[in-house]
1. Could you list, in sequence order, all residues of segment 59-89 that are touching a Ser or Thr at 6+ places or on another chain (Cβ under 7 Å), in a loop (DSSP other than H, G, I, E, B) and either at pLDDT 85 or above or under 15 Å from D197 (Cβ atoms) (or both)?
2. Take residues that are at pLDDT below 90 and surrounded by 16 or more Cβ atoms within 10 Å (Cβ to Cβ) and tell me which of the strands (runs of 3 or more DSSP E) falling wholly in segment 132-208 contain 2 or more.
3. Test T50 against the criterion of being farther than 30 Å from R125 by Cα, free of Cβ contacts under 8 Å to residues at least 40 places away in the same chain and crowded, with 16+ Cβ neighbours inside 10 Å, and give yes or no.
4. Could you grab the pairs with beta carbons closer than 8 Å, sequence gap of 6+ or different chains, first residue in segment 115-144 and within 13 Å of E105 (Cα to Cα) and of a type in the set (G, A, S), second one assigned to a strand (DSSP E or B) and modelled with pLDDT under 90?
5. Out of the residues in segment 59-81 meeting the condition of being of a type in the set (A, V, I, L, M) and farther than 23 Å from G206 by Cα, tell me which one is least open to solvent (accessible area, probe 1.4 Å).
6. From the residues in segment 36-52 that are within 25 Å of A173 (Cβ to Cβ) and among the aliphatic types (A, V, I, L, M), which one is modelled with the highest pLDDT?
7. Mind checking which residues of segment 15-47 are among the hydrophobic types (A, V, I, L, M, F, W, C) and either in contact (Cβ under 8 Å) with a residue 40 or more places away in the chain or within 30 Å of P195 (Cβ to Cβ) (or both)?
8. Before we move on, is E102 outside any loop (DSSP other than H, G, I, E, B) and of a type in the set (D, E, K, R)?
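The values are calculated or read from the model by the stated rules, or taken from the named source; none is laboratory data. Source: prediction; values computed, not measured. Positions of Cβ are generated from backbone atoms using ideal geometry, with glycine treated the same way; all protein chains shown enter the neighbour counts. Surface accessibility is based on the protein's heavy atoms, side chains included, excluding ligands, DNA and RNA. Shrake-Rupley method; radii C 1.70, N 1.55, O 1.52, S 1.80 Å.
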Amino acid sequence: RAPAAPGRLLALLEQGSGKLDRVELVVPDEADRMLDMGFKEEVEKVLTATAHRLQTILVSATLPADVRALARAHTKDAHEVKVEEAHIPTALAHHRLNVFPEQKEIAIIALLKQENPQRAIVFLRTRDRATAFAKLLKQNGFAADALQGEMSHDQRRHVFDLFSRGVSRILVATDLASRGLDVPEMELVVNVDLPGDDAQYVHRTGRASRLHPPATVIRFLLPTQ
């Protein structure tokens, strides 16, 4: 009758300290975030271990292809329910920079030097790109760290602690950081790579709406977009 992280739940099962034979309802909450954090295999194992369940309620802020595939594989006669559409906060200032792909590294360095934010999030689409861009920024003298799904829970917690205390001023992240991240001092959100859907963009910009006045949101776009 209590929430369980998939990894911890599986560990208890392996130790013989937990049983799932009487489970009737399974609710994978924040499904898109769990998959982005690299827990797809663990979630699949939990759903397989509770295949006898009577009902599944999959809760997700966004429905990318991998979440839809998970739902199709582990539900029958499923109904999709949308609570409400997310909206971009109207008070935010959105700017675009026309940048070709090969110019993004130079552009992000120039932008951060010009803006000199005390707190900024730089969003990349993949874990490898987030790690590479964080390394690039460090090489150019920025106090930056990467936050992505292949890191352990303790590693992610340590990185966020450094960022929230201002030891690290720039967080280079995948969409793992687009929700559940509350840093009121955020001054700048940069979308080096745009997300795959509009809803995820809304979550990213939400990191910028806690400061008064709100932070600035910048998108890197091709000149033809």
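1. Residues of segment 59-89 that are touching a Ser or Thr at 6+ places or on another chain (Cβ under 7 Å), as a first pass: 67, 74-75, 88-89.
Now drop any that are not in a loop (DSSP other than H, G, I, E, B), which leaves 75, 88-89.
Result: T75, I88.
2. Per the criteria, 188-191.
3. Working: farther than 30 Å from R125 by Cα: yes; free of Cβ contacts under 8 Å to residues at least 40 places away in the same chain: yes; crowded, with 16+ Cβ neighbours inside 10 Å: yes.
Yes.
4. A130/L147; A130/A173
5. Of all residues in segment 59-81, those of a type in the set (A, V, I, L, M) come to 59, 61, 63, 65, 67, 69-71, 73, 78, 81.
Next cut, farther than 23 Å from G206 by Cα only: 69-71, 73, 78.
Working: A69: 44, L70: 6, A71: 28, A73: 73, A78: 74 Å².
Checked segment 59-81; the qualifying residue least open to solvent (accessible area, probe 1.4 Å) is L70.
6. Out of the qualifying residues, it is V43.
7. Within segment 15-47, the subset among the hydrophobic types (A, V, I, L, M, F, W, C) is 20, 23, 25-27, 31, 34-35, 37, 39, 43, 46-47.
Listed by number, the residues that qualify are V26, V27, A31, M34, L35, M37, F39, V43, V46, L47.
8. Yes: the conditions hold for E102.
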